[in-house]
1. Being closer than 19 Å to Arg71 by Cα and either buried (at least 16 other Cβ atoms within 10 Å of the Cβ) or small (Gly, Ala, Ser) (or both): is that true of Thr183 here?
2. Quick check: is even one residue across the range 100-123 part of a helix (DSSP H, G or I) and more than 14 Å from Pro6 (Cβ to Cβ)?
3. Among (1) modelled with pLDDT of 95 or more; (2) in contact with a Lys or Arg (Cβ under 6 Å, 6 or more places away or on another chain); (3) more than 19 Å from Ala221 (Cα to Cα), there is one condition Ala53 misses while meeting the rest; what is its number?
4. Of all residues in the range 62-92 being within 14 Å of Ala276 (Cα to Cα) and hydrophobic (A, V, I, L, M, F, W, C), which is surrounded by the most Cβ atoms within 10 Å (Cβ to Cβ)?
5. Show me the strands (runs of 3 or more DSSP E) found entirely inside the range 137-199 where at least 1 residues are outside the structural domain of Thr96 (by TED's automatic domain parsing), among the β-branched types (Val, Ile, Thr) and modelled with pLDDT of 95 or more.
6. When Glu277 is evaluated against the numbered criteria (1) over 30 Å from Ala189 (Cβ atoms); (2) touching a helix residue (DSSP H, G or I) at 6+ places or on another chain (Cβ under 8 Å), which criterion, by number, is the only one it fails?
7. With Leu127, Leu173, Leu181, Leu158 as the choices, which residue is in contact with an Asp or Glu (Cβ under 6 Å, 6 or more places away or on another chain), farther than 17 Å from Gly97 by Cα and not polar (S, T, N, Q)?
8. So which residues in the range 211-230 are in a loop (DSSP other than H, G, I, E, B) and farther than 25 Å from Asp263 by Cβ, if there are any at all?
Amino acid sequence: MNATLPTPEALRAALAGLLDGLPPTKAAQAVDRLIANYRGTTPTDTPVLRDRADVAAYAAYRMPATFEAVRSALAALRDAAPAWRPATHTDVGGGTGAASWAVAEAWEEAGDEAPRTTVLDWAEPALALGRELAAASGAPGLRGAEWRRARIGGALRLDPVDLVTVSYVLKELTPADRDALVTEAARAAAAVLIVEPGTPDGYERIIAARDRLIGAGLRIAAPCPHSAACPIAPGTDWCHFSARVSRSSLHRQVKGGSLAYEDEKFAYVAAVRFPAEPATARVTRRPQIRKGQVLLDLCTAEEGLRRDTVTKRHGALYKEARDIEWGAGF
């Protein structure tokens, strides 16, 4: 593999040494505050990332997980539209650029030119560190990115682009600003990808954004196999997926964990203005593998939610079911 690709390994290398010179107690305090913001109610009138310590802690704490979540969602979008090649990309609220790393990898890995990226964020320390990490990546698609300060909210106006990503941003906004931002992304882009935490409230924000994107004339490319109403009854469950994140020693140090990996739960929606072929069914829960059979929870284009039991007598389909991952098309 090309060493300049913005892979997870390249991201970990760029993050290595990021906290050098930062007192461990200050890094820990910054991480604790960021976790409280991530899990609780975040102020909407000021940037979450305030200074270099915050940004460095955030990059070590959140960038690998955000990268993997966006990477997984992009894979589903590309499966639905394999011939599509975005030439331009705007990363709204991109912070230190995790989503831009995933976008660059998605197309450079296939031998295509990465789209020209503009990262918008209202925290200058995040933009500064994002530039630094992008320069260290060696990847042309990242080194050529533009990092621009902008207030993320209802007044934001976007230049027309092929792809807009909005990852882990909506929670930081008021409901009115969320609606305005999604509407603006739908107006400006040929494709919109929105990623939120895989929590009940994260799913609610995704569903609201999904409805707004459809209302703006876009069609759903992923994860849903259709653009009809979500079959999940409000308040009964939530749709989310999981991405495996390898932890570096720096990552374990900042997060206070001992395992070599973690699972990032996320919810997302990808909507487009061009022809796309969504999966006819999507695996919505981790497959349950039992002796001689696999239980699959699916969201389908024709029947909504259903559970399939695939047994050995199904032959090749059984082998596929044993190997399939949560979130994959089936």
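The values are calculated or read from the model by the stated rules, or taken from the named source; none is laboratory data. Small disclaimer: the values here were computed from a predicted structure and weren't measured. Neighbour counts run over all protein chains shown; Cβ positions are idealised from the backbone, glycine included.
1. In short, no.
2. Applying the first criterion (part of a helix (DSSP H, G or I)) to the range 100-123 yields 100-108.
With the extra rule that they be more than 14 Å from Pro6 (Cβ to Cβ), the set shrinks to none.
No, the conditions are met nowhere in the range 100-123.
3. Every condition holds for Ala53 apart from (1).
4. So, considering only residues that are within 14 Å of Ala276 (Cα to Cα) and hydrophobic (A, V, I, L, M, F, W, C), the one surrounded by the most Cβ atoms within 10 Å (Cβ to Cβ) is Leu77.
5. Details: elements: 146-149, 161-167, 189-197.
The strands (runs of 3 or more DSSP E) meeting that bar number zero.
6. (1)
7. None of the others qualify; the one that does is Leu158.
8. Of everything in the range 211-230, those that are in a loop (DSSP other than H, G, I, E, B) and farther than 25 Å from Asp263 by Cβ turn out to be Ala216, Gly217, Leu218, His226, Ser227, Ala228, Ala229.
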